[in-house]
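The values are calculated or read from the model by the stated rules, or taken from the named source; none is laboratory data. This is a predicted model, so every value here is computed, not measured. Neighbour counts run over all protein chains shown; Cβ positions are idealised from the backbone, glycine included. Protein only, heavy atoms only, side chains kept; ligands, DNA and RNA dropped before computing areas. Shrake-Rupley method; radii C 1.70, N 1.55, O 1.52, S 1.80 Å.
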Amino acid sequence: MPAPAPAPAPDLSRLAEWCREPGRLDDHLTDLRRLVEQESPSEDKALLDAAADLITELLDERLGRPDRLVRHRQPELGDVLEAEYAGDPGAGLVTVVGHYDTVWPAGTAADWPFTVVDGRASGPGVFDMKAGVVQGIWALRALRELRELGLPCPTVRFVFNGDEETGSVVSRPYIESATDGALATLVLEPGGEWGIKVGRKGVGIFNLTTTGVEAHAGLDPTKGASAVHGMAEVIQHLVAAADLDRGTTVNVGRISGGTARNVIAGRADCLVDVRVGSAEESARIDGVLAGLGASDPRVTVTVDGGWNRPPMLPGPAGRRIFALADEVATAIREPLAELFVGGGSDANFVAALGRPVLCGMGATGDGAHARHEHVLVADIPDRTALTAGTLLRLAAGSLATDPLAATA
């Protein structure tokens, strides 16, 4: 018996129709409201635990009990949830990644509740990225509901983490392990206007400290060596290393130092964010950081921190998986935009291992980390169908060919 061919466009159309059926969107928004109203700031362990509990409930309600559920407990940060749903034999594994922590402090929802007005769903974390989490669950629901049509379904391994906004320090090894052997990884971060993120910049998080010599600014001006003045020089050198043509940006987000107006400062600190588009630029910035110094030799400079995420570059594996998703998108609606953005995500880790990954499979909207954060409600069904169709095509391709061909 010959191996089945990849799913034809009519099957993708049926998936889209299911996602667009009247009443389906209301159920989707109900889940989204519950998740947004359950606040989950990255630093609040109790609220993070409650959000992880809610995601487990949503999985049970919409997909049934997972065939495998592991909750990697963390003492301070958000737990990492792994929930696996078995697919058809030989249809391969797809890992779907999302985060449930947000940048919004506890209590934000009190004066900014979840609302749907003029086709926009708004609320803390709705765009980044609770809508994506809900869409991922409903995408698998769509594919499982249509199994009676003979549509193949891969094994889907969800990974939901609660520390992405603070760098995924705890969850990174779990994500890397969970994507090993997968046909592809789909990351549910927000997307663009019918686009997917195939490239992201690498992210560097650095803490700079200058240490000088304290003295009275009026009585002993020559005996002191100002750490604040030294920091001003250091910042000038560092900011000058930015190169927009190469995709490198440098931002000093916070400065502190000194003790009083008339005291020559003995210490100053600053927090620095660096974004780079290539490994070569990472190395160049490393050299700049290593060479930082003040004109007064009595002021010392210390650099802590490092590269939080490597650049995500669209290599051969990434281009193949984008082409597959683009075929799905074209059958559902129209071709996808291929996006390269400055923000980092958990997709960076997967791409750095040479594994095929697509980021931005989540909601269409705007305002991540801002008070105008919102999701375009009308796009939710098609975005859900895009993820479901990509799962379908990955499963069909795995059954028809060597599963390793997709990641070679």
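So Leu292 clears everything in (1) modelled with pLDDT of 95 or more; (2) assigned to a helix (DSSP H, G or I); (3) open to solvent by less than 70 Å² (accessible area, probe 1.4 Å); (4) in contact with a helix residue (DSSP H, G or I) (Cβ under 9 Å, 6 or more places away or on another chain) except one condition, right? Which one?
Failed condition: (2).
Taking region 167-199 as the region of interest, how many residues are more than 23 Å from Glu327 (Cβ to Cβ) and either at pLDDT 95 or above or open to solvent by 20 Å² or more (accessible area, probe 1.4 Å) (or both)?
Going through region 167-199 one residue at a time, the tally reaches 13.
Scan region 358-392 residue by residue and report those that are within 15 Å of Gly132 (Cβ to Cβ), of a type in the set (A, V, I, L, M, F, W, C) and open to solvent by less than 10 Å² (accessible area, probe 1.4 Å).
Leu358, Cys359, Met361, Ala363, Val375, Ile380, Ala385, Leu386, Ala388, Leu391
Give region 295-306 a look and list any residue that's in contact with a Ser or Thr (Cβ under 6 Å, 6 or more places away or on another chain) and either within 15 Å of Leu358 (Cβ to Cβ) or open to solvent by 30 Å² or more (accessible area, probe 1.4 Å) (or both), or say none.
Those that are in contact with a Ser or Thr (Cβ under 6 Å, 6 or more places away or on another chain) and either within 15 Å of Leu358 (Cβ to Cβ) or open to solvent by 30 Å² or more (accessible area, probe 1.4 Å) (or both): Thr300, Val301, Thr302.
Could you say whether any residue in region 300-307 is without any contact (Cβ under 8 Å) to a residue 60 or more places away in the chain and over 20 Å from the mean Cα position of the chain (by Cα)?
no
For region 312-330, check the following and say yes or no: at least one residue is surrounded by 16 or more Cβ atoms within 10 Å (Cβ to Cβ) and more than 23 Å from Leu183 (Cβ to Cβ).
The answer is no, given that none of the residues of region 312-330 is surrounded by 16 or more Cβ atoms within 10 Å (Cβ to Cβ) and more than 23 Å from Leu183 (Cβ to Cβ).
Taking into account only those residues within region 52-86 that are more than 15 Å from Arg172 (Cα to Cα) and part of a loop (DSSP other than H, G, I, E, B), which is most open to solvent (accessible area, probe 1.4 Å)?
Once the filter is applied, the top-ranked residue is Arg65.
When you scan region 319-337, do you find a residue that is more than 30 Å from Arg20 (Cβ to Cβ) and either among the acidic types (Asp, Glu) or free of Cβ contacts under 8 Å to residues at least 24 places away in the same chain (or both), even just one?
No: region 319-337 contains no residue that is more than 30 Å from Arg20 (Cβ to Cβ) and either among the acidic types (Asp, Glu) or free of Cβ contacts under 8 Å to residues at least 24 places away in the same chain (or both).
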